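The values are calculated or read from the model by the stated rules, or taken from the named source; none is laboratory data. The model shown is predicted, which means the values in this text are computed figures rather than measured ones. Quick reminder, even Gly has a Cβ in these numbers, built from the backbone with ideal geometry, and neighbours come from all protein chains shown.
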Amino acid sequence: MFHILRRPDVLFITLAGAGILAITMGVRQSQGLFVSPLNTGTGLGIATISLALAVGQFAWGAVQPLAGAAADRFGPGMVLIAGILLMALGGAVTPFIDSGFGLMVTMGLMMAMGSGAASFSVLMGAAAQRLPPEARGAASGVINAGGSFGQFVFAPIAQKLIQVLGWAGAMWSMAAMTLLALPLVRKVAGSGHAPAHHHEEDTGVMRAISSAIKDRSYILLHLGFFTCGFHIAFLVTHLPGEVDLCGLPPAVASWSLAIIGLANIFGSLYAGSCVSKYRSKNVLAAMYASRALLIAVYLVAPKTELTFYLFAAGLGFTWLATVPPTATLVGKLFGIRYLATLFGLTLLSHQIGGFLGAYLGGLAITAFGDFTWMWYADMALAVFAALVNLPIREAPVVARVATA
């Protein structure tokens, strides 16, 4: 952190990246608050709306490696601007939609792909190209925490806008606020495109991908991150519905999402410090195991406002804090030459889980009237994720092959 604070230019680049992620992730992670009012206003049904948001979970992950490749080819500035504009346009058009297919296009594709293009892989890559090596680690932690700060800020704002302006007015307002990220693009991306320099041998991206998908540890890492996506998407989409089932006011849901974002700021920074002291696989296993324990406690606890706030704080500490140790593991296994591509594929696995978490939650509430079976599935998957991370071998693949 000292390397960031002592140089104003490094500080401005880092804060600009964190600011863009705060806006794009804050708007995106608040979409679950629109499910109930959107259903009331359009009559499309919870399952249909959940499917649109589930498509968005997958699209956000699918665009990550593509956006990273485009940033390498054309420069991060162009990709970031296109993503922000696409996200704002999707939000602005959504209130005019009256079909499930249209909702999949606007919220499921336009907003999600725009957010993904202005998210982790492009922002961290853009910052790394302009920062000295000694500042990159701390800068990544700060940028990652920016996304959590955005959730803390935008969730209560979105809820208040829905109450005052209705869901359509709130959606237009959020679309307008997305454009606030545009002035920050030049700060983080610069005026030109400076390619990153790497010391690893350039064997080609397709060969790197082929080598990665044959590696057992990389597959195990994907399985754990898949579960993380299932967990996060289920909660961010259906926590407002769970709050409503418990007879509590909507503000409890928005403040719970805000608390998750606030807690994850500290969780992300703590996770970043842990990966320099402990094995990343053990850090991830502990995070996933804690989620299973927290869900078990929640299921037996009285459903009060305090319960939701404490539950949110506990979950929030590991919410997106899995990103630093997961990215670190990919870097340890394969080096940094194609880190953006290989980590982008890991994020895609995360969002496949996100698709299922969002969509199956909608099916569960439609079929059973509550989320009981989803909570059980979420808890079981968290235990599974903790276990599959333990056999991961952290030695670089090249070193392991040479030893064999």
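Quick one: count up the residues across the stretch 324-348 that are modelled with pLDDT of 80 or more and in contact with a Cys (Cβ under 9 Å, 6 or more places away or on another chain).
Residues that pass the stated criteria total 2.
So in the stretch 350-379, with the set limited to residues that are aromatic (Phe, Trp, Tyr), at pLDDT 90 or above and part of a helix (DSSP H, G or I), which one is surrounded by the most Cβ atoms within 10 Å (Cβ to Cβ)? Step through it out loud before you land on a result.
To start, the set of residues in the stretch 350-379 that are aromatic (Phe, Trp, Tyr) comprises 355, 359, 368, 371, 373, 375-376.
Cutting the leftovers down to at pLDDT 90 or above gives us 368, 371, 373, 375-376.
Applying the additional criterion that residues be part of a helix (DSSP H, G or I) yields 368, 373, 375-376.
Details: 368: 11, 373: 14, 375: 17, 376: 13.
So the residue we want is 375.
Just checking, which of 367, 386 is free of Cβ contacts under 8 Å to residues at least 40 places away in the same chain and either touching a Lys or Arg at 6+ places or on another chain (Cβ under 9 Å) or under 30 Å from residue 35 (Cα atoms) (or both)? Explain how you work it out, then say what you get.
Working: 386 fails: free of Cβ contacts under 8 Å to residues at least 40 places away in the same chain.
367 is the lone residue from the list that is free of Cβ contacts under 8 Å to residues at least 40 places away in the same chain and either touching a Lys or Arg at 6+ places or on another chain (Cβ under 9 Å) or under 30 Å from residue 35 (Cα atoms) (or both).
Considering the stretch 307-324 alone, what residues qualify as being crowded, with 23+ Cβ neighbours inside 10 Å and either in a loop (DSSP other than H, G, I, E, B) or not β-branched (Val, Ile, Thr) (or both)? Steps first, answer last, please.
Taking the stretch 307-324 first, the residues crowded, with 23+ Cβ neighbours inside 10 Å are 312, 315-316, 318-324.
Passing the criteria: 312, 315, 316, 318, 319, 320, 321, 322, 324.
Mind listing whichever residues of the stretch 78-89 are buried (at least 19 other Cβ atoms within 10 Å of the Cβ) and without any contact (Cβ under 8 Å) to a residue 60 or more places away in the chain? Please lay out each step first, then the result.
Just the residues of the stretch 78-89 that are buried (at least 19 other Cβ atoms within 10 Å of the Cβ), to begin with: 79-80, 83-84, 86-88.
Those that are buried (at least 19 other Cβ atoms within 10 Å of the Cβ) and without any contact (Cβ under 8 Å) to a residue 60 or more places away in the chain: 79, 83, 86.
Take the stretch 125-156 and flag every residue that is of a type in the set (S, T, N, Q) and at pLDDT 75 or above. Outline the logic, then answer.
First, pick out the residues of the stretch 125-156 that are of a type in the set (S, T, N, Q): 129, 140, 144, 148, 151.
Once the filter is applied, which keeps residues that are of a type in the set (S, T, N, Q) and at pLDDT 75 or above, the stretch 125-156 yields 144, 148, 151.
Sort through 355, 343, 317 and tell me the only one that's under 19 Å from the mean Cα position of the chain (by Cα), within 19 Å of residue 261 (Cβ to Cβ) and not small (Gly, Ala, Ser).
Numbers: 355 fails: within 19 Å of residue 261 (Cβ to Cβ); 343 fails: within 19 Å of residue 261 (Cβ to Cβ).
One residue alone meets the criteria, 317.
Among the listed residues 52, 67, 82, 47, identify the single one that is in a helix (DSSP H, G or I) and under 26 Å from residue 132 (Cβ atoms).
Details: 52 fails: under 26 Å from residue 132 (Cβ atoms); 82 fails: under 26 Å from residue 132 (Cβ atoms); 47 fails: under 26 Å from residue 132 (Cβ atoms).
Only one candidate passes the filter, namely 67.
Considering the stretch 29-44 alone, what residues qualify as being assigned to a helix (DSSP H, G or I) and more than 26 Å from residue 343 (Cβ to Cβ)?
Scanning the stretch 29-44 gives 33, 34, 35, 36, 37, 38, 39, 40, 41, 42.
Condition test on residue 68, is it more than 23 Å from residue 231 (Cβ to Cβ) and at pLDDT below 90? Show your work before the answer.
Working: more than 23 Å from residue 231 (Cβ to Cβ): yes; at pLDDT below 90: yes.
So residue 68 fits the description; yes.
In the stretch 27-54, what residues are buried (at least 21 other Cβ atoms within 10 Å of the Cβ), within 24 Å of residue 148 (Cα to Cα) and touching a residue at least 60 places away in the same chain (Cβ under 8 Å)?
Of the stretch 27-54, the ones buried (at least 21 other Cβ atoms within 10 Å of the Cβ) are 27-35, 38, 49-54.
Those left that are additionally within 24 Å of residue 148 (Cα to Cα): 27-35, 50, 52-54.
If the condition is that a residue be buried (at least 21 other Cβ atoms within 10 Å of the Cβ), within 24 Å of residue 148 (Cα to Cα) and touching a residue at least 60 places away in the same chain (Cβ under 8 Å), then 27, 28, 29, 30, 31, 32, 33, 34, 35, 50, 53, 54 are the ones that fit.
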